[in-house]
Amino acid sequence: MPSSLSLLYLILLASLSLSCQPSPDASSIHTLTPEERARIDSLIAMDVPDDAPGMAVGIVSRGEVIYESYAGFANLADSLRLGPDFRFNIASNGKQFTALATARLIHHHKLSLDDDIRTYFPNLLPDVASPITIRHLLTHSSGIRDVYDLWSLQGKTWWQITSSNSDVIDLLNQQTALNFEPGARYMYSNSNYILLAEIIASVEETTFREATDRLFDDLNMNSTSFETDYTAIRGPLARPYFNFDTWTTYDWVTNVAGDGALFSTLPDQLRWESVIQSGHSYPLSADIVEQSQSLVPGSEIQTYGYGLEHGEYRGQPLLYHTGATGALKAVTYRFTDKQISIVLLTNSGKVLPEYTIQAITDVVLELPDSAPQYQTEPTSPGPEITDDELLGTYLTDGSTMTFQFLEKEDGIYLRRSGQNDIRLVREASNIFHQWNDRAFKLEFTTTGAGGRRVAAYYTTHAPYSLEKVTADMTAVEPYHYTGRFLNDETGAEVEISQISDDDYSLTLSGQTYSATLLTPELMLAGSYRLSFPIDPASQIQQFFLDGDRIKNVEFSRMSGPQSP
């Protein structure tokens, strides 16, 4: 039995804890009408047919769970329906907890945002003179290449191989260059959060799993953990399912964690939303929780911080993140001004969770269906453009997205990578739409330099533009481009062969792509962009490859024809 002094201390401690945890005002908690609940139920049902994997959705208002629903199966083989005990792999939504563990170390002065990460990784990018800091990792502004894209260069499919954080560090240690100067820009790279996981382990003098297990214990999230040994993942699990005429599952075999591999239940994720909203964070400092929901101090990156995207939805300030690893996907929408959070978890490859959570948001926030989110069509027609003037290839700046407009017997067609050619219908002087989808509109305009631009409009995305590619190709010598090339950092090999005119074939680590030489300095192949330093008098000796999350990867010539 505790002494009277000890008992008094416990009473005072409990009183202090409660005083630091303001209870939500019941009158201010958002309530859903029966009609709104029915509408949300129907939105979920639309994505979950009979005898299919499913979805878990929860809504929290001012610290209180006001909606929680489970639909579909967790395991089709055993006919197990989803419920509150089933754990989902929430993929990149786990980044916020890696960031939270980092924020706690910073709060306790065990880490600094200004620490150069080479303190912990002495073999990482030794020739890069600029500091690469904790701040850069948290905001995806380090310039460090994404490890999954590097594995793709090597011909490896990451989810089919068993790799660990140590394997990631080994590959990153082989890199000699960055995507860009640290701090210069934002570019999402999973490598950043894998490195943070290993820094946390080093500072805590334990494993990343053990360090974050203590964090989840403090948060009373007892069914949540980063899984660094795929053979020992606790169940019950929501198994992932794709549908290619029939539902097909697969096994999780990777041990990489920190960027993802967080397994959790919907109740645990709702518990975290309640902690954020209500301040009931003891023994975790409320200051740490508050910092984890903010932008990173001292960073020029204003759209990402501490594992969260900062943006808005239909004019409402929004903290959010999406996660996807195969068929397992998760989305969290956090409307801080309204103290409302929506969490969606799914194990179905057929579900598009962002569309579903936006539809649910419209119901919860009572936003009209017609509320415009972005411009979906041109304002008015402009100067007329002839068919001949619009023909050609158009390219997005710094990307590999192309639109090719070509003329066939029955009209103008749009060609895009991986899609069938689509006939276009002119609806105004410079505006076209797809023959089978009037909502997809294309507006052709003239740039200040006399070039051509096309803007694409649709109901599901903001408008984007592409510039027409113009180049003098008369002096191009195809044999200058052909041959075999090697990247020393990954051991990846590329072979380039000419098919005809500006059409080439590119084979990368056993995978062959159709390639197009757009200008003497630029070739596109699949999702890759190749930039060639041109010397008109000699054969090309190197090129630089860009992918989605890797830039300026240098390939040097190994062999090739020296003359036609």
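Read-outs: derived from the displayed coordinates by stated rules, not from any lab. All values reported here derive from a predicted model rather than from experimental measurement. Quick reminder, even Gly has a Cβ in these numbers, built from the backbone with ideal geometry, and neighbours come from all protein chains shown.
Treating only the Cβ atoms of Lys and Arg (+1) and Asp and Glu (-1) as charged, compute the dipole magnitude of region 79-218 about its Cα centre; round to the nearest 20 debye.
Roughly 400 debye for region 79-218.
Calculate the dipole size of the chain relative to its Cα centre from +1 charges on Lys and Arg beta carbons and -1 charges on Asp and Glu beta carbons; express the result in debye to the nearest 20.
About 760 debye.
Based on Cα positions only, what radius of gyration and what Dmax would you give for region 114-270, in angstroms?
Rg, Dmax (Cα atoms, Å): 17.0, 53.
Roughly how many nanometres apart are two label points built 7 Å out from the Cα toward the Cβ at T119 and T460?
Taking the two extended label points, one gets 4.6 nm.
So what is the orientation-averaged projected area of region 44-143, using the convex hull of its C-alpha atoms, in nm²?
Taking a quarter of the hull surface, the average projection is 10.8 nm².
Give, rounded to the nearest 20 debye, the magnitude of the charge dipole that region 322-375 has about its Cα centre when Lys and Arg contribute +1 at Cβ and Asp and Glu contribute -1 at Cβ.
So the magnitude is around 260 debye.
Give, as ranges by residue number, the residues of region 48-79 whose backbone N falls under 20 Å from the point 7 Å along Cα→Cβ of D245.
It comes to 52-53, nothing else.
Could you work out the equivalent-ellipsoid semi-axes for region 390-507, taking the square root of 5 times each eigenvalue of the Cα gyration tensor, largest first, in whole Å?
32, 17, 15
For the chain, which longest stretch is free of loop sites, where a loop site is one of the GluC sites (Glu not before Pro) that DSSP puts outside H, G, I, E and B and that has at most 15 other Cβ atoms within 10 Å?
Maximal segment without exposed cleavage sites: 1-204.
How big is the shadow of the Cα convex hull of region 200-292, averaged over all directions, in nm²?
7.6
Counting only C-alpha contacts under 8 Å and six or more residues apart, can you give the relative contact order of region 478-559 as a whole percent?
Once normalised by length, the contact order is 25 percent.
Report the normalised scattering of region 116-190 as log10 I(q)/I(0) at q = 0.27 Å⁻¹, calculated by the Debye formula with identical scatterers on the alpha carbons.
Scattering profile of region 116-190, log10 relative to I(0): -1.39.
Find the all-direction average of the projected area of the Cα convex hull for the chain, expressing the result in square nanometres with one decimal place.
The Cα convex hull of the chain, projected and averaged over all directions, gives 31.9 nm².
Give the whole-number value, in cubic angstrom per residue, of the convex hull volume spanned by the C-alpha atoms of region 374-436.
Given the Cα convex hull of region 374-436, per-residue volume reads 124 Å³.
With 10 angstrom as the radius, rank H107, H280 by how many other C-beta atoms surround their C-beta, starting from the fewest.
Going from sparsest to densest Cβ surroundings: H107, H280.
Report the convex hull volume per residue for region 51-103, counting only C-alpha atoms, in Å³.
Residue-normalised Cα hull volume stands at 104 Å³.
For each of I66, I357, count neighbouring Cβ atoms within 10 Å of the residue's Cβ, then give the residues from fewest to most.
I66, I357
Under a crude label model (7 Å from the Cα following the beta-carbon direction), how far is S166 from E407 in nanometres?
In this crude spin-label approximation the distance works out to 6.4 nm.
What Kirkwood radius, in Å to one decimal, follows from the Cα pairs of region 478-559?
12.5
Rg to Rh for region 421-479: what is it, with Cα atoms only and Rh by Kirkwood?
1.11
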